[in-house]
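Single-structure report; data block below.
The values are calculated or read from the model by the stated rules, or taken from the named source; none is laboratory data. Values in this document were obtained by computation on a predicted structure and should not be read as measured data. Cβ atoms come from the backbone with ideal geometry, glycine included; neighbour counts cover every protein chain shown. Just so you know, the surface numbers come from the protein's heavy atoms only, side chains and all, with ligands and any DNA or RNA stripped out. Shrake-Rupley method; radii C 1.70, N 1.55, O 1.52, S 1.80 Å.
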Amino acid sequence: RKYALDVSWRKLILFGSLVVTFFNVLYFLIIFDIFRHAWFYIFTDVSAQFMYTLNFLASVFCMVEVAEPGYEAITYSLITTASNTVSPLSSVISYQFLAFFPALNTQEGIAADTDEVRWDFAMLHMLTIIINLSSLLALPLP
């Protein structure tokens, strides 16, 4: 309870989410074949994962505000469990979204790389970005 007490975890989560959104928007350069390069894809993916990690770190900062003295460990474990539960749940939900885009359901459809496939993937990616940004509506900013 000594370090980073003056840091607003809400602002860190907002900043991290906006940076993740920026890197997700860069995927449109890959989708529409404006700039397709393996290293660019790796850069955007690694950078987004780094920002997801910073968001998790910010959620751990809030533990200091939420936890009662002496209950920090159990609060941290609950936050970690909730964070780890989201990953498989988001995979299930994203597979359900694929039902609306039949061109993306097969490897052959994706390998065809037609304009229809690109637009379907762009729409799916935009839907993901909108859902990610809508989660910020639950973030109370001071």
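With 0.36 nm allotted per residue and the present C-alpha distance subtracted, the Ala138-Thr53 stretch has 28.6 nm of extension available. What's the longest piece of the chain with no exposed chymotrypsin sites (Phe, Trp or Tyr not before Pro), counting a site as exposed if DSSP puts it in a loop and it has at most 11 other beta carbons within 10 Å? Free of exposed loop sites, the longest segment is 36-142. Rolling a 1.4 Å probe over the protein chains gives Leu29 an accessible area of about 60 Å². Using a Förster radius of 25 Å, what is the FRET efficiency between Val64 and Ser87 based on their Cβ-Cβ separation? Nearest 0.05, please. E between Val64 and Ser87, to the nearest 0.05, is 0.55.
Among the protein heavy atoms of the chain, carbon and sulfur supply 70% of the accessible surface, probe 1.4 Å, non-protein parts ignored. Under the criterion of Cα pairs below 8 Å and six or more residues apart, the relative contact order for the chain equals 29 percent. The residues of the chain expose, per residue, 69 Å² of accessible area to a 1.4 Å probe.
Ellipsoid fit via the Cα gyration tensor, the chain: semi-axes of 35, 17, 13 Å, each the root of five times an eigenvalue, largest first. Between Thr80 and Leu127, full extension at 0.36 nm per residue minus the direct alpha carbon distance yields a gain of 14.3 nm.
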